[in-house]
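Okay, structure first, notes after.
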Amino acid sequence: MGFINLAPGFPATVGRLAGYRQALEARGLPFEASLVRSGNGLASGGYQHTLDLMRAGRPPTAIFCGNDQTAMGAYEALKEVGLRIPEDVAVVGFDNQEIIAEGLRPPLSTVALPHYEMGRWAVNYLIEHAGSGEMPPVQSVLDCAYAERQSV
């Protein structure tokens, strides 16, 4: 499975790569660095990196994209080289930007960011620390649901 990540230097980039590696390991699949690309988070990066992956000696039969915009570019590249989703190559995005995920054909399977829960957590954290004078930086892990559609 190929992976087109976001740009280096962002916490989401590190976390999504770790998740990709965990998913491979959980299924007994080897991590192959040659199938990982650092994208720009845009459709243009998804397009270019998908073309690159498809020209590899052993092109992947599935591509996990660091966000839905990247997946949009992957769709265009796969169509251009005559490959069908999901029959030839499965594609999964990340973010669940419904305007993208539901607008693609076939609709994109993606991992949904829990926007409401993220906001609720942040507001509760601010309320708990209001007036304390200090708000130490923290990280909190929230579950991200899989939004299954027809691209897998």
All-but-one check, ASN5 against (1) under 23 Å from ASP88 (Cβ atoms); (2) of a type outside the set (Phe, Trp, Tyr); (3) open to solvent by 40 Å² or more (accessible area, probe 1.4 Å); (4) touching a strand residue (DSSP E or B) at 6+ places or on another chain (Cβ under 7 Å), failing number (3)
Within region 140-151, work out how many residues are farther than 13 Å from TYR75 by Cβ and either in contact (Cβ under 8 Å) with a residue 24 or more places away in the chain or not in a loop (DSSP other than H, G, I, E, B) (or both). 7
Breaking point among (1) touching a helix residue (DSSP H, G or I) at 6+ places or on another chain (Cβ under 6 Å); (2) assigned to a strand (DSSP E or B), for PHE94: (1)
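How about region 97-129: which of its residues are closer than 17 Å to GLU148 by Cβ and not in a loop (DSSP other than H, G, I, E, B)? Please lay out each step first, then the result.
Keep residues of region 97-129 that are closer than 17 Å to GLU148 by Cβ, which gives 97-98, 100-114.
Those that are closer than 17 Å to GLU148 by Cβ and not in a loop (DSSP other than H, G, I, E, B): GLU98, ILE100, ALA101, SER109, THR110, VAL111, ALA112.
Test GLY46 against the stated conditions and say whether it is in contact with a Cys (Cβ under 7 Å, 6 or more places away or on another chain), modelled with pLDDT of 95 or more and buried (at least 23 other Cβ atoms within 10 Å of the Cβ). Break it down into steps so the answer makes sense when it comes.
Details: in contact with a Cys (Cβ under 7 Å, 6 or more places away or on another chain): yes; modelled with pLDDT of 95 or more: yes; buried (at least 23 other Cβ atoms within 10 Å of the Cβ): yes.
Answer is yes for this residue.
Could you identify the single residue in ALA77, ALA18, ALA7, ALA12 that is in contact with a Gly (Cβ under 8 Å, 6 or more places away or on another chain), assigned to a helix (DSSP H, G or I), without any contact (Cβ under 8 Å) to a residue 40 or more places away in the chain and of a type in the set (A, V, I, L, M, F, W, C)?
Values: ALA18 fails: in contact with a Gly (Cβ under 8 Å, 6 or more places away or on another chain); ALA7 fails: assigned to a helix (DSSP H, G or I); ALA12 fails: without any contact (Cβ under 8 Å) to a residue 40 or more places away in the chain.
One residue alone meets the criteria, ALA77.
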Every residue from region 45-67 that is in a helix (DSSP H, G or I) and either of a type in the set (Gly, Ala, Ser) or in contact (Cβ under 8 Å) with a residue 60 or more places away in the chain (or both): GLY45, GLY46
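Has region 133-145 got any residue that is under 25 Å from PRO11 (Cβ atoms) and open to solvent by less than 50 Å² (accessible area, probe 1.4 Å)? Before the answer, list the steps.
Just the residues of region 133-145 that are under 25 Å from PRO11 (Cβ atoms), to begin with: 134-145.
If we keep only those that are open to solvent by less than 50 Å² (accessible area, probe 1.4 Å) too, we end up with none.
No; the residues of region 133-145 include none that is under 25 Å from PRO11 (Cβ atoms) and open to solvent by less than 50 Å² (accessible area, probe 1.4 Å).
Residues checked against (1) touching a His at 6+ places or on another chain (Cβ under 7 Å); (2) at pLDDT below 95; (3) within 20 Å of TYR20 (Cα to Cα); (4) open to solvent by 60 Å² or more (accessible area, probe 1.4 Å):
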site	(1), (2), (3), (4)
LEU78	no, no, no, no
ASP88	no, no, no, no
PHE94	no, no, yes, no
ARG105	no, no, no, yes
ALA122	no, yes, no, no
GLY131	no, yes, no, yes
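With the structure loaded, tell me whether GLY28 is loosely packed, with under 13 Cβ neighbours inside 10 Å and at pLDDT 95 or above or whether it fails that test.
Values: loosely packed, with under 13 Cβ neighbours inside 10 Å: yes; at pLDDT 95 or above: yes.
It is true that GLY28 is loosely packed, with under 13 Cβ neighbours inside 10 Å and at pLDDT 95 or above.
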Name the single residue, out of those in region 11-25 being more than 16 Å from ASP68 (Cβ to Cβ) and hydrophobic (A, V, I, L, M, F, W, C), that is surrounded by the fewest Cβ atoms within 10 Å (Cβ to Cβ). ALA18
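The values are calculated or read from the model by the stated rules, or taken from the named source; none is laboratory data. As the structure is a computational prediction, the values presented were derived from the model and not from experiment. Note that we place each Cβ from the backbone using ideal geometry, even for glycine, and neighbour counts take in every protein chain shown. These accessible areas exclude ligands, DNA and RNA; they are computed on the full protein's heavy atoms, side chains included. Shrake-Rupley method; radii C 1.70, N 1.55, O 1.52, S 1.80 Å.
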